[in-house]
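Undergrad: Here's a structure for you.
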C-alpha cells in the first residue's frame, strides 16, 4: 500500500484568521484504499484543514495535489467535482426534502429538463439498500433519527460524486454502538473499492478499530504521521496534548486538610450529547480536579452541576434534600458558583468597572429590586480587592483594562462575595501568566482549606495534580475514573487512564 | 447486523400532523366550507367560482412569485410597487411613445425581472436582509411610477380592451377572463418548475437549510438571485394582468398588494421560514381571500374593512397552525 501514489497530498498548508494562525505549514497525505484518522484536540486545526480541503476556506499558503496534479479548490461544489466529498458532524442535508431528493439533489436524472422521479427514487432505493439501510426513500429526511440522516449523508457523499476522497468529520458523535458498526461496515466496503477516507473522531477506540494511519495536529501544527499499529494510545494522547513526560517538575506535597461533609452528590447525572451519566461527590474542603482532553466533556459536566444545561437523567442531592437544577439561578441560590472557561465572553463584562463586576452575582442573587446599599458594596469590594490582591486596586477601573490574571480574580471575587459552598472553576488559569497562575492556585488551595468545596477544571494535568485531592478523569464525554490523589498518581497514570478509558 | 432498518418512528396521528400537505388541505377544506356556506346563504350562481379567479388573477400571479421567494426563506416587499410600475410603464410606452403592445409588454416583463434580480444580488452578495433589500425596491419602483406620470394614464388601445373583454367560455354562461387564464397558466408552470426541475428542488433545499445547500455543492447564489428574478417577473406579469383588469396605468395601483400576496402565500400553508409549501396552496390562499371579499360584499351591511379584519384573523390562525406543526417538527430533532 505504501508503494502506491498518494491520491491526495497537501504540503505546507497555512491558514490565518484575523490574527489567529489556525494552520501553519501542515502536511497531509492520503493513500487510496486507506482510512486515515485526523487527530488533535479541539482547536488543533482539524476542521480548518478539512475546510481548506473542501474549498470552504481559501488557503493562505501551501499546495494541494490530487492524483499528482496541483489543484486549487475554490468551493465545496468544485471539491465535489474533483471527487472530494465530505460528511460533516452536523448533518448537512435538507430535512424538509425526501431521502431520495437529498441523495440526488443537484444530480437528479432528468429528461427534457424535467426530473424523472420514478427512476430517481428507484436508484435511491437501490443505493440505500446497497449500504445496508432499509428506508422509505420518499419520506422526508427529517423524520428519521440523526444516525440515519448521517448515513444518508454518506450515501450522498460517496455515490453521487463517485468520490475518490471521502471526509468524515466526526460522523460518529451522535451515533450509538450499532449504528457505528453499520457506518464502519460501509467504510470498510468503500475502502476495498479504493476510496481514501479521512476520519475525524474524538473516540480513540474507534480510531484503533477502523483506521490504518493517522495524522496528529496540535495548535495548528503537524505533530506527526503514524501507522495506527505503530503508535499506542498513550503515545497518541501524549502527542495530542503535547507534553513530554520526562520534563515534568516534581509535584508539590499535598497537605491534606480534613475533608468535611458532602456538599453535593450527583447520581447518574447526564445529558444526551453532552456527557454520559456520572456519579460525583463533592465535599467541603475538597478540591476535585477534572482531567481529560479538550472536548472530553469537562465543561459539559460543570455546566450540568451549575444548571447552565439541564440534565436529562439522574439527580443531584445537596444537604437538605434533592435539588432540581433547572437553571443557574437555582444553583446560585443553593450556593454554587461557576467561573466560566470563557471569561471574556461569558463572565467578565469588560465595559463595567471592577466594582460593578464584583457585585454582579450578589446583586443578582438578591434580586434587582433590592439594591445593595452603596456603603456595603464599597466595603465588600474593598475587602475582596485586598484579599485577592487585585491590581490595580481601584474599584472604578474598567474590568476590561485589567490583565488576564486580575480579570480572573475579579471573577473569583464576584463569586466568593456570595459565600458559595461549591465553587466550580473552569480553566481559571488559561491564558494568564505563570506568576498569576501560581497565585490563583494558592488562592484555590486556601479557599479549600477554609472549607469551600472546589471543582477544578484544567487542561494542564500538572495543575490538576498539584491542587486536587481527587481527580476525575473524563474521556469521550464519560467520567471514566476517579483517582484519589497520592504519590502513585502521576501524569503518566492519568494519560494512561485517558488512553485506556479507565480499564487499565 | 449490518442492516439498519428504520421507519419514521411516528404514530399515525403524528404522521398526519406532520404531513407537509396538511396546511394546504386545511386551506382547501376552509375554502370549501366557506364556499358551501356562502353559496347557501347568498345563493351563489355558477359564475361566482370563476369570478374568484377573474377578479383576483393579478393577485394569483403575484402570489406565485411570492411563493418562490418565501420558499427560500426570503420575502419580497416590492411586489405591489412593481405591479404599479409595470402598469405605468406599459401605459407610458403604449400611449405616449406608441410602442407596439407586444414589444411594450416584453419590455415591462424584462424590467420587472431585472429589478428582482438586482434585489436578489443585493441580498446574496451584500448580505442585506431580504426585508430591507426589497423595501428599497418598494420605494424605488413606487417613486419611478410617479416620475413617469403623476396621473393615471388610461389605455385606449383596442387590443387591450378586446383582450380585457374576451370571455373564455367554460360551458353554460360561465366564463374565464384572459387574465384568469394567464393566472392559471402561471400556477401550472410554477408547479412544474418547483416540483420537476432541478431549480425547483434547489429552491426547497435553500429554504430547508442554506448552509446545507451550500455544502451539498448546490449553486446557492444563482438560486437565490433567480428566485427574486422570478418574483420580479411575476410582479411585472401581475402588473400586465392588472392593466387588462383595469385598462389603465396608475402610479398608485397595487399599493400594499405585496401584503395581500404574502398573506395568500401564508394562508396557503407556506412556511415563512422557508422550505415547505406549495404553489397550489398559494392559489387556494388567494381564492380564500377572494371569497371573503365576495361574501362581505354580498352581505351588504358590513363595511369593506371587514375584509381586512377577516384576513387578519385567518392569517393569525394559519400562523398559529404553522407554529403547532413547526413545534412538532423541531421536537424530533
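The values are calculated or read from the model by the stated rules, or taken from the named source; none is laboratory data. Nothing here was measured: the structure is a model prediction, and the numbers come from that model. All Cβ positions, even for glycine, are placed from backbone atoms using ideal geometry, and neighbour counts span all protein chains on display.
Undergrad: If the requirement is being under 17 Å from the mean Cα position of the chain (by Cα), assigned by TED's automatic domain parsing to the domain that holds residue A:328 and at pLDDT below 85, which of these qualifies: A:294, A:301, A:290? Lay out the reasoning, then the answer.
TA: Details: A:301 fails: at pLDDT below 85; A:290 fails: at pLDDT below 85.
Step by step, each of A:294, A:301, A:290 is checked, and only A:294 is under 17 Å from the mean Cα position of the chain (by Cα), assigned by TED's automatic domain parsing to the domain that holds residue A:328 and at pLDDT below 85.
Undergrad: Would you be able to tell me the number of residues in the stretch A:7-30 that are assigned to a loop (DSSP other than H, G, I, E, B) and buried (at least 21 other Cβ atoms within 10 Å of the Cβ)? Lay out the reasoning, then the answer.
TA: Just the residues of the stretch A:7-30 that are assigned to a loop (DSSP other than H, G, I, E, B), to begin with: A:7, A:18-19.
From the residues that got through so far, the ones that are buried (at least 21 other Cβ atoms within 10 Å of the Cβ) too are A:7.
Of the residues in that region, 1 qualify.
Undergrad: Could I ask something else about it? Got a sec? Which of A:62, A:33, A:55 is touching a residue at least 60 places away in the same chain (Cβ under 8 Å) and outside any helix (DSSP H, G or I)? Quick ask: steps written out before the conclusion?
TA: Working: A:62 fails: touching a residue at least 60 places away in the same chain (Cβ under 8 Å); A:55 fails: touching a residue at least 60 places away in the same chain (Cβ under 8 Å).
Within the list A:62, A:33, A:55, the selection yields A:33.
Undergrad: In the stretch B:163-246, which helices (runs of 4 or more DSSP H) lie fully inside it and hold 3 or more residues that are more than 10 Å from chain A (Cβ to nearest Cβ) and either modelled with pLDDT under 90 or under 17 Å from residue B:69 (Cα atoms) (or both)? Before the answer, list the steps.
TA: Details: elements: B:178-196, B:198-208, B:210-215, B:220-246.
Qualifying helices (runs of 4 or more DSSP H): B:178-196, B:220-246.
Undergrad: While we're looking at this one, here's another question. Go through A:355, A:315 for me and flag whichever is closer than 19 Å to residue A:419 by Cβ, touching a residue at least 24 places away in the same chain (Cβ under 8 Å) and not in a loop (DSSP other than H, G, I, E, B). Even if it seems obvious, please write down each step before you answer.
TA: On the way: A:315 fails: closer than 19 Å to residue A:419 by Cβ.
Exactly one residue qualifies, and that residue is A:355.
Undergrad: Filter the stretch A:65-93 down to residues that are part of a strand (DSSP E or B), crowded, with 18+ Cβ neighbours inside 10 Å and out of contact with any helix residue (DSSP H, G or I) (no Cβ under 7 Å at 6 or more places or on another chain), then give me how many there are.
TA: Of the stretch A:65-93, the ones part of a strand (DSSP E or B) are A:65-66, A:69-71, A:84-87.
Filter again for crowded, with 18+ Cβ neighbours inside 10 Å, leaving A:66, A:84-87.
Next, only the ones that are out of contact with any helix residue (DSSP H, G or I) (no Cβ under 7 Å at 6 or more places or on another chain) stay: A:66.
So the answer is 1.
Undergrad: If I filter the stretch B:53-69 for residues that are free of Cβ contacts under 8 Å to residues at least 24 places away in the same chain and crowded, with 19+ Cβ neighbours inside 10 Å, do I get at least one hit? Before the answer, list the steps.
TA: At the first step, the residues of the stretch B:53-69 found to be free of Cβ contacts under 8 Å to residues at least 24 places away in the same chain are none.
Checking the stretch B:53-69: not a single residue is free of Cβ contacts under 8 Å to residues at least 24 places away in the same chain and crowded, with 19+ Cβ neighbours inside 10 Å.
Undergrad: In addition: Being in a helix (DSSP H, G or I) and free of Cβ contacts under 8 Å to residues at least 40 places away in the same chain is the filter; apply it to the stretch A:102-122 and report the residue that is farthest from the other protein chains (Cβ to nearest Cβ).
TA: Our first condition is that a residue be in a helix (DSSP H, G or I); within the stretch A:102-122, this holds for A:102-104, A:117-122.
Those still in the list that are free of Cβ contacts under 8 Å to residues at least 40 places away in the same chain too: A:117-122.
Working: A:117: 8, A:118: 12, A:119: 13, A:120: 10, A:121: 13, A:122: 17 Å.
It comes out as A:122.
Undergrad: While we're looking at this one, here's another question. Please find, within the stretch B:275-301, the residue that is nearest to the chain's Cα centre (by Cα) out of those that are surrounded by fewer than 22 Cβ atoms within 10 Å (Cβ to Cβ) and more than 18 Å from residue B:39 (Cβ to Cβ).
TA: B:280
Undergrad: Any residue at all in the stretch B:204-227 that's out of contact with any strand residue (DSSP E or B) (no Cβ under 8 Å at 6 or more places or on another chain), farther than 24 Å from residue A:56 by Cα and free of Cβ contacts under 8 Å to residues at least 24 places away in the same chain?
TA: no
Undergrad: A follow-up question, please. Within the stretch B:277-291, is even one residue under 30 Å from residue A:106 (Cα atoms), touching a residue at least 24 places away in the same chain (Cβ under 8 Å), within 14 Å of another protein chain (Cβ to nearest Cβ) and not in a helix (DSSP H, G or I)?
TA: Scanning the stretch B:277-291, I find at least one residue that is under 30 Å from residue A:106 (Cα atoms), touching a residue at least 24 places away in the same chain (Cβ under 8 Å), within 14 Å of another protein chain (Cβ to nearest Cβ) and not in a helix (DSSP H, G or I), so the answer is yes.
Undergrad: Does any residue of the stretch A:133-148 turn out to be touching a helix residue (DSSP H, G or I) at 6+ places or on another chain (Cβ under 8 Å), under 30 Å from residue A:241 (Cβ atoms) and either more than 10 Å from every other protein chain (Cβ to nearest Cβ) or in contact (Cβ under 8 Å) with a residue 60 or more places away in the chain (or both)?
TA: The answer is no, given that none of the residues of the stretch A:133-148 is touching a helix residue (DSSP H, G or I) at 6+ places or on another chain (Cβ under 8 Å), under 30 Å from residue A:241 (Cβ atoms) and either more than 10 Å from every other protein chain (Cβ to nearest Cβ) or in contact (Cβ under 8 Å) with a residue 60 or more places away in the chain (or both).
Undergrad: Does the stretch A:153-167 contain at least one residue that is farther than 27 Å from residue B:276 by Cα, out of contact with any strand residue (DSSP E or B) (no Cβ under 7 Å at 6 or more places or on another chain) and at the interface with chain B (Cβ under 10 Å from one of its Cβ atoms)?
TA: No, the stretch A:153-167 contains no residue that is farther than 27 Å from residue B:276 by Cα, out of contact with any strand residue (DSSP E or B) (no Cβ under 7 Å at 6 or more places or on another chain) and at the interface with chain B (Cβ under 10 Å from one of its Cβ atoms).
Undergrad: Counting only residues that are out of contact with any helix residue (DSSP H, G or I) (no Cβ under 8 Å at 6 or more places or on another chain) and at pLDDT 85 or above, which one in the stretch B:1-36 is farthest from the other protein chains (Cβ to nearest Cβ)?
TA: It comes out as B:36.
Undergrad: Considering only the stretch A:371-391, I want to know if a residue exists there that is in contact (Cβ under 8 Å) with a residue 40 or more places away in the chain and in contact with a strand residue (DSSP E or B) (Cβ under 6 Å, 6 or more places away or on another chain).
TA: Residues of the stretch A:371-391 that are in contact (Cβ under 8 Å) with a residue 40 or more places away in the chain, as a first pass: A:388-389.
Retained after the next criterion (residues that are in contact with a strand residue (DSSP E or B) (Cβ under 6 Å, 6 or more places away or on another chain)): none.
No; the residues of the stretch A:371-391 include none that is in contact (Cβ under 8 Å) with a residue 40 or more places away in the chain and in contact with a strand residue (DSSP E or B) (Cβ under 6 Å, 6 or more places away or on another chain).
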